[in-house]
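Have a look at the structure below before the remarks.
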Amino acid sequence: DIPIPEDHNILKQNYPNPFNTGTIIEYYLHGLSEQEIEIEIYNILGQKIRTLYNGVESGGSHTIYWDGRDDFDNDVPSGIYFYQLQSGDQIISKKMLYLK
């Protein structure tokens with residue numbers, strides 16, 4: 001297991017990766033207080049295609065699911081995508097591969 005720093009959020013690698021019907025993203029928010037966070041999906045060109053979550057979450061472990069659809073409920077094409085967790089001035093990104 002990864003040691004958890006007390007002052008940083010953690011974004012884990014999605015699984016499965018590559019994926020074809022959906023993928024799970026796990027993240028850990030430090031501290032006990034609530035934080036305002038955003039989790040977004042970007043295409044290889046850096047264009048935001050989906051906001052998975054925008055709101056307040058408490059500290060601890062969380063999971064969220066992405067079904068390979070954009071904000072308009074359209075299937076996205078196969079390819080490389082980036083998912084990003086933002087809280088305050090901390091931004092963490094990871095890469096994933098979607099294969100249909």
Task: Only one of Ile49, Ile39, Ile44 that is within 17 Å of Leu99 (Cα to Cα) and open to solvent by less than 50 Å² (accessible area, probe 1.4 Å) - done: Ile49
Open item on the list: With the structure loaded, tell me whether Asn54 is open to solvent by 80 Å² or more (accessible area, probe 1.4 Å) and in contact (Cβ under 8 Å) with a residue 60 or more places away in the chain or whether it fails that test.
Closed with: no
Task: region 17-34: number of residues that are in a loop (DSSP other than H, G, I, E, B) and farther than 12 Å from Ser61 by Cβ - done: 9
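The values are calculated or read from the model by the stated rules, or taken from the named source; none is laboratory data. The model shown is predicted, which means the values in this text are computed figures rather than measured ones. Cβ coordinates were reconstructed from backbone atoms using ideal geometry, including for glycine residues, and neighbour counts include every protein chain displayed. The area values use the complete protein model at the heavy-atom level, side chains included, leaving out ligands, DNA and RNA. Shrake-Rupley method; radii C 1.70, N 1.55, O 1.52, S 1.80 Å.
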